[in-house]
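So the structure is just underneath, and the comments pick up after that.
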Amino acid sequence: MDRLHLIQVFVAVVDGSSFAGAARKLGLSPPAVTRAINELERSLGVRLLTRTTRVVRVTEAGARYVEDCRRILAELADAEESARGAHGAPRGHLSVTAPVLFGALYVTPVLTEYLQMHTAVTASGLFLDRVVNLVEEGIDVAVRIAELPDSSQQAVRVGQVRRVICASPAYLAKHGAPAKPDDLKHHALISAGGALPAGEWQLARDGATRPVRVQPRLVTTTNDAALAAAVGGFGITRLLSYQVAEAVRDGRLLILLREHEPEPVPVHVVHREGRNGSRKVRAFLDLAIDRLRAALSMQ
């Protein structure tokens, strides 16, 4: 079997942590993917992957080898672009994902600037408040606002944001401001949808971050809805600092319990092409990392 084909299959399996995912991405049958990996391991004389019925993990030797494979594939892609007369200019289609509001406020301006600089590229922005699988959904670059688990994907930290508690001046004038976390139980709380339970907020207490039980009167599926309810004077909400930055600057919201904020949340730009990705991805990463670091330095 062609060695180039084998390493393409291997990289797809590692990126997706799945034989089935690699098969879908490459348009192959699962048995064909299994045969390719078996042949590659047999020819190299080393185990590249460990498999169970549910999980595929890369071995230490496989982790080193996959980086070389990515470099080879990227260099081949660059060679093909040059042969087509690309002359080093990025071209093709770029797909980027980010949370909804962060995508609107920060990623869209970067994307439009990038497209103005590189006229042979088209782009799509998939802005969703959920974690998008880069491999299965064909995404080139993602912005993640979270601590990242260990992964074969590449991540560059560009800044951090805070989890803040806030309310409108009108609400506080009528109901008063909480002086400590336990006071929250006496207020109308608004909880935005997300990965954390609606009835639990993480706050700093006694030198450590601890969960605080809350009973929200309103639970929304979007951050925008929680923001609107808080600005409208309904109650107290907890959102990320970038989500409320404009309302805080305008005086429509006031930040509460600052001394009880948990550790800031890191923001990463994530991609899956290694250090030597395609020209379109490398050019976008260079611009995005610079622009996002500058924007988030003011958070």
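The values are calculated or read from the model by the stated rules, or taken from the named source; none is laboratory data. As the structure is a prediction and not an experimental result, all values here were calculated from the model. In this analysis, Cβ positions are derived from the backbone assuming ideal geometry, glycine residues included, and neighbour counts consider all displayed protein chains.
Brief remarks on what is shown
- Flag if residue 245 is hydrophobic (A, V, I, L, M, F, W, C), within 24 Å of residue 144 (Cβ to Cβ) and either buried (at least 19 other Cβ atoms within 10 Å of the Cβ) or in contact with a helix residue (DSSP H, G or I) (Cβ under 9 Å, 6 or more places away or on another chain) (or both): yes
- Scan of segment 1-15 for residues that are modelled with pLDDT of 85 or more, not β-branched (Val, Ile, Thr) and not in a loop (DSSP other than H, G, I, E, B), ordered by number: 3, 4, 5, 6, 8, 10, 12
- For segment 42-55, filtered to residues that are touching a strand residue (DSSP E or B) at 6+ places or on another chain (Cβ under 9 Å) and either within 23 Å of residue 74 (Cβ to Cβ) or among the polar types (S, T, N, Q) (or both), the residue that is surrounded by the most Cβ atoms within 10 Å (Cβ to Cβ) is 48.
- When 275, 252, 279 are screened for being modelled with pLDDT under 95 and over 24 Å from residue 147 (Cβ atoms), only 279 passes.
- Scanning segment 186-206 for residues that are under 23 Å from residue 131 (Cβ atoms), at pLDDT 85 or above and over 21 Å from the mean Cα position of the chain (by Cα) returns 191, 201.
- Every residue from segment 222-232 that is in a loop (DSSP other than H, G, I, E, B) and in contact with a strand residue (DSSP E or B) (Cβ under 8 Å, 6 or more places away or on another chain): 222
For (1) surrounded by 16 or more Cβ atoms within 10 Å (Cβ to Cβ); (2) at pLDDT 85 or above, each residue gets a yes or a no:
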{"site": "17", "(1), (2)": "yes, no"}
{"site": "40", "(1), (2)": "yes, yes"}
{"site": "71", "(1), (2)": "no, no"}
{"site": "96", "(1), (2)": "yes, yes"}
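- Listed by first and then second residue, the pairs with beta-carbon distance under 9 Å, at least 6 apart or on different chains, first residue in segment 207-227 and farther than 22 Å from residue 130 by Cα and polar (S, T, N, Q), second part of a strand (DSSP E or B) and at pLDDT 90 or above, are 209/203; 215/189.
- Scope segment 210-236; condition among the hydroxyl-bearing types (Ser, Thr, Tyr) and either outside the structural domain of residue 171 (by TED's automatic domain parsing) or surrounded by fewer than 13 Cβ atoms within 10 Å (Cβ to Cβ) (or both); matching residues: 221
- Exclusive hit being of a type outside the set (Lys, Arg) and under 22 Å from residue 139 (Cβ atoms), set 2, 15: 15
- Within segment 237-271, considering residues that are assigned to a loop (DSSP other than H, G, I, E, B) and of a type in the set (A, V, I, L, M), the one nearest to residue 286 (Cα to Cα): 253
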